[in-house]
1. What residues qualify as long-range amide H neighbours of Lys16, i.e. H under 5 Å apart, gap of 5 or more or another chain, H built at 1.01 Å from N?
2. May I ask you to evaluate 6.51 cos²θ - 1.76 cosθ + 1.60, the Karplus curve with θ = phi - 60°, for each residue of the stretch 33-45 and list the ³J(HN,Hα) values in order in whole Hz, giving x for glycine and proline?
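Derivation of every value follows stated rules applied to the coordinates shown; laboratory data play no part. Just so it is clear, the structure is predicted and the values come from calculations on it, not from any experiment.
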Amino acid sequence: MSKIVLQKKESVKDAKCLKCRKREATRNDQLCDSCRFILTLENIVTTKE
Ligand SMILES: [Zn+2]
């Protein structure tokens, strides 16, 4: 049981943001909060044009 917890911790720790590679990814999309925010804004702009 403790082994499963360890593996889970490691995978979260290694998950860096795919876009900036600086901050840690906070969700399954492998983006940090600020990059996800930027991406959302870009999507809105693209949809409008
Ligand atoms: Zn990022």
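1. Ala25
2. Values, residue by residue: 4, 6, 5, 5, 5, 4, 4, 5, 4, 4, 5, 5, 4 Hz.
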